[in-house]
Amino acid sequence: MNKYPHQPVMVSQVLQYLRLRPGARVLDATVGCGGHAEAILQSDEDIFLLGIDRDREALAIAGQRLARFGPRCRLRQGNFGNLAQILAEEECSTLDGALFDFGVSSLQLDRADRGFSFRQDGPLDMRMDQSSPITASHILNSADEKELTRIFRDYGEQPGSRRTTHRIANPLAKRA
């Protein structure tokens with residue numbers, strides 16, 4: 001049994017499509033707990049990997065998992081919005097491959113306290129970056145109906161977002 005809370009999927013396909021050569025410089029823009037990064041670094045002893053993630057807890061786990069690769073692996077907290085800045089700071093002007101594994105992992109979904117769980121009760125948090133002051137609960141309680149509809153429609157791709165938002169904003173409204 002693996003000791004890490006999230007197991008990467010499609011590892012062989014990721015390696016196949018990256019087609020990395022010795023000396024490659026690779027970006028894992030959603031390093032998470034480091035599963036794909038570990039496979040990439042194991043594939044050749046001359047590969048360098050820069051791993052980025054918003055989730056500090058995931059980065060700490062990745063740091064433990066990838067420590068044995070020493071200077072061939074650097075980890076940074078960040079997100080796609082500051083990717084250019086991170087690459088510049090890390091002097092990564094060229095890359096030979098990049099991996100973006102969008103979504104959430106079991107590290108977020110399986111823990112009720114993270115506020116992503118569908119199976120367990122917990123706070124309505126949903127922050128990938130726990131240092132961010134804005135939680136899902138804050139947004140739900142402070143945004144107006146129009147803004148919530150836009151969020152559910154644009155980010156959640158929620159069918160019937162206007163009806164859902166109306167029910168949230170007007171909990172005593174007659175249910176049709």
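The table below gives the values:
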read-out: Residues whose placed amide H lies under 5 Å from that of Gly51, excluding near-sequence neighbours; value: Asp28, Arg74, Leu75, Arg76
read-out: Under Karplus coefficients 6.51, -1.76 and 1.60, residue-wise ³J(HN,Hα) of segment 133-144 in Hz, glycine/proline x; value: x, 9, 9, 4, 4, 4, 5, 4, 8, 10, 7, 7
read-out: Label-to-label distance, nm, for residues given as Arg68 and Val9 (7 Å Cα→Cβ offset); value: 2.6 nm
read-out: Dipole magnitude of the chain, debye to nearest 20 (Cβ charges: Lys/Arg +1, Asp/Glu -1, about Cα centre); value: 680 debye
read-out: ³J(HN,Hα) computed for each position of segment 68-76 - Karplus, 6.51 cos²θ - 1.76 cosθ + 1.60, integer Hz, glycine/proline x; value: 5, 8, x, x, 6, 9, 10, 10, 9
read-out: Highest to lowest packing among 23-31, 61-69, scored as the average C-beta count within 10 Å; value: 23-31, 61-69
read-out: Within-12-Å neighbourhood charge of His36 [Cβ basis; K, R +1; D, E -1]; value: -3
read-out: Ala60-Asn170 pseudo-label distance in nm [points 7 Å out on the Cα-to-Cβ vector]; value: 4.5 nm
read-out: Nearest-ten-degree value, helix 56-66 long axis tilted from longest Cα axis of the chain; value: 20 degrees
read-out: 5 angstrom amide H check on Gly97, placed H, neighbours 5+ away; value: Arg25, Leu27
read-out: Separation of the Glu147 and Phe102 label points, Cα + 7 Å toward Cβ, nm; value: 2.4 nm
read-out: Long-range tail of P(r) for segment 1-154 (Cα pairs > 23 Å, %); value: 42 percent
read-out: Rounded if a/c under 1.5, otherwise prolate or oblate - segment 105-159, Cα gyration tensor axes; value: prolate
read-out: Positive minus negative residues near Phe48 (Lys, Arg vs Asp, Glu; Cβ under 13 Å); value: -3
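Bear in mind these aren't lab numbers, they're just calculated from the coordinates by the rules spelled out. Given the structure is predicted, the values throughout are model-derived calculations rather than measurements. For neighbour counting, all protein chains shown are included, and Cβ atoms are generated from backbone atoms with ideal geometry for every residue, glycine included.
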